[in-house]
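Notes follow once the structure below has been shown.
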Amino acid sequence: MAESRIILKNCEVIDPADIGTYIEKDGFKALEKARTSMSQESVIDEVKSSGLRGRGGAGFPCGVKWELAANADGSEKYLICNADEGEMGTFKDRYLLEYDPFSLIEGIAIAAYAIGAVKAYIYLRGEYRYLLSTIRGAIGQAVEKGYLDGLDIVLQEGAGAYICGEETALMNSLEGKRGEARFKPPFPPVSGLFEKPTIINNVETLAAIPRIILNGAEWFSNIGTEKSKGTKIFSVSGDVSRPGIYELPMGSSLKQLVVDLAGATDIKIIQVGGAAGRLLPYNWLDTALSFETVLGAGAVTVFDSSRDMIDVVFKTIEFLAEESCGLCTPCREGSQVLFEILERLRNGEGEQQDTDVLEDVANTMAEASLCGLGQGTAVPVLDSLNFFKQDYKNRIEQSLYIKSLLG
Ligand SMILES: Cc1cc2nc3c(=O)[nH]c(=O)nc-3n(C[C@H](O)[C@H](O)[C@H](O)COP(=O)(O)O)c2cc1C
């Protein structure tokens, strides 16, 4: 199976330090088309009819969100590009930023035009600091060529907190406050950064915009499934022979991605969507990847039969507990309880009631946590109890047996 490189079409083709090479590949034609022959409303309508959904994980319809901000009261509006990419196993935005920063900049300029923003921010993951000069250089060249007239793009570094990828925590961070999620409503398109209407979109979402405007909504919506249009970029890692970035039409199967392309031969667990994503057994290989099934931000990590399931869940929860911002009780306390139980299980000190407690705590976190971090922490725990219960049972029986021998 071959890839369908639409969003990534320029990566490793153009020179990310030379805007001329991007212009040669139809670069900035979509922006010109939008500004000279389309009203702000018609750009939004085009994005709405394309069916584009946010690529940062939640899959919210992009055009619908833009329309809310465009129609919101006030003349001061902001656009934020979420380049925080803190999800475990995700590195697709880094690839785009490194090899084709211009598609993102063009997408930002079109989005800003559509919603009426005069200032845009790129919030860059702290660990991606080495990309600062590439992105700054690309913005500078776009300014020199006159593509950004009337739009100020500010590049802001994050400081390495996973929670700051969550849109409201990110806005707090940009405002110089502690990175903690905000209560919603109000939603950002109505009241976001500095309480002004704000659109926040993922790197991949914004990089798709020039392709949609240039080729048309129908072209884009003819790719993919009924509810997930276009292509998706996946980051594949773990026990595969060809880890890396792959772009496939929505609806492609997990098997096409991890076996045919990434070269997995021995599969025990497939983690889809990162730490707060799904933990699936190999018999899910025929699943079509889309927002209707499993997807998240497109991180896929394969664990082979040499891996210990409890270890995989423990490491995942260790990360999430460490990254909990601590604001809401279900996430702060719940993730700690999950961590302590899994640590005991891992050390051979499991107790009979452990699986019940894990399930109870995870369900409470899913229902009562303030934001997606706490809610998502439940997912790997519940999946592991659902699909790999026998691994828990074996571990607990082993622990109890050793305990009985020791008296
Ligand atoms: C804990 C947490 C971390 C997140 N991290 C990211 C991230 O690094 N990048 C991203 O684009 N979205 C991230 N999101 C999703 C954002 O909150 C938001 O939905 C997204 O930026 C919206 O853009 P989109 O509509 O283009 O997907 C995260 C969400 C949560 C709950």
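The values are calculated or read from the model by the stated rules, or taken from the named source; none is laboratory data. If you're wondering where the values come from, they're calculated on a predicted model, not measured in any experiment. In this analysis, Cβ positions are derived from the backbone assuming ideal geometry, glycine residues included, and neighbour counts consider all displayed protein chains.
Assorted remarks:
- The set of residues in the stretch 164-180 being buried (at least 24 other Cβ atoms within 10 Å of the Cβ) and either more than 12 Å from the ligand (Cβ to nearest atom) or part of a loop (DSSP other than H, G, I, E, B) (or both) consists of Glu166 alone.
- Of the strands (runs of 3 or more DSSP E) lying entirely inside the stretch 188-278, the ones with 3 or more residues being among the β-branched types (Val, Ile, Thr) are found at 198-202, 231-238, 269-272.
- Which listed residue, of Asn363, Asn386, Asn394, is within 12 Å of Ile310 (Cα to Cα) and either free of Cβ contacts under 8 Å to residues at least 40 places away in the same chain or in the same structural domain as Asn283 (by TED's automatic domain parsing) (or both): Asn394
- Of all residues in the stretch 87-115, those satisfying the criterion of being out of contact with any Asp or Glu (no Cβ under 8 Å at 6 or more places or on another chain), within 14 Å of the ligand (Cβ to nearest atom) and not in a helix (DSSP H, G or I) are Glu87, Met88, Gly89, Thr90.
- Matching option when the condition is of a type in the set (D, E, K, R) and either farther than 28 Å from Glu67 by Cβ or within 16 Å of the ligand (Cβ to nearest atom) (or both), among Lys184, Lys196: Lys184
Let's see how each residue does on (1) on the phi < 0 side of the Ramachandran plot; (2) crowded, with 20+ Cβ neighbours inside 10 Å; (3) touching a helix residue (DSSP H, G or I) at 6+ places or on another chain (Cβ under 6 Å):
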| site | (1), (2), (3) |
| --- | --- |
| Glu322 | yes, no, no |
| Cys325 | yes, yes, yes |
| Phe339 | yes, no, yes |
| Asn347 | yes, no, no |
| Asp356 | yes, no, no |
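- Some residue of the stretch 96-103 being of a type outside the set (Phe, Trp, Tyr) and surrounded by fewer than 19 Cβ atoms within 10 Å (Cβ to Cβ): yes
- Within the stretch 29-72, being touching a residue at least 12 places away in the same chain (Cβ under 8 Å), not basic (Lys, Arg) and not in a helix (DSSP H, G or I) holds for Met38, Gly51, Leu52, Gly54, Gly56, Gly57, Ala58, Gly59, Pro61, Ala72.
- Residues within the stretch 68-77 that are within 18 Å of Gln156 (Cβ to Cβ) and crowded, with 24+ Cβ neighbours inside 10 Å, tallied: 0
- Sole exception among (1) part of a helix (DSSP H, G or I); (2) of a type in the set (A, V, I, L, M, F, W, C); (3) away from the ligand (no atom under 15 Å from the Cβ) for Leu155, by number: (1)
- Flag for Asp15 being among the acidic types (Asp, Glu), in contact with a helix residue (DSSP H, G or I) (Cβ under 8 Å, 6 or more places away or on another chain) and free of Cβ contacts under 8 Å to residues at least 60 places away in the same chain: yes
- Qualifying residue in the stretch 146-163 (condition: in contact with a Leu (Cβ under 9 Å, 6 or more places away or on another chain), on the phi > 0 side of the Ramachandran plot and not hydrophobic (A, V, I, L, M, F, W, C)): no
- Evaluation of Tyr123 against (1) within 23 Å of the chain's Cα centre (by Cα); (2) in a helix (DSSP H, G or I); (3) of a type in the set (Phe, Trp, Tyr) (one fails), failing number: (2)
- Here is the figure for the stretch 218-262: residues that are surrounded by fewer than 22 Cβ atoms within 10 Å (Cβ to Cβ), under 14 Å from Tyr282 (Cα atoms) and free of Cβ contacts under 8 Å to residues at least 60 places away in the same chain total 3.
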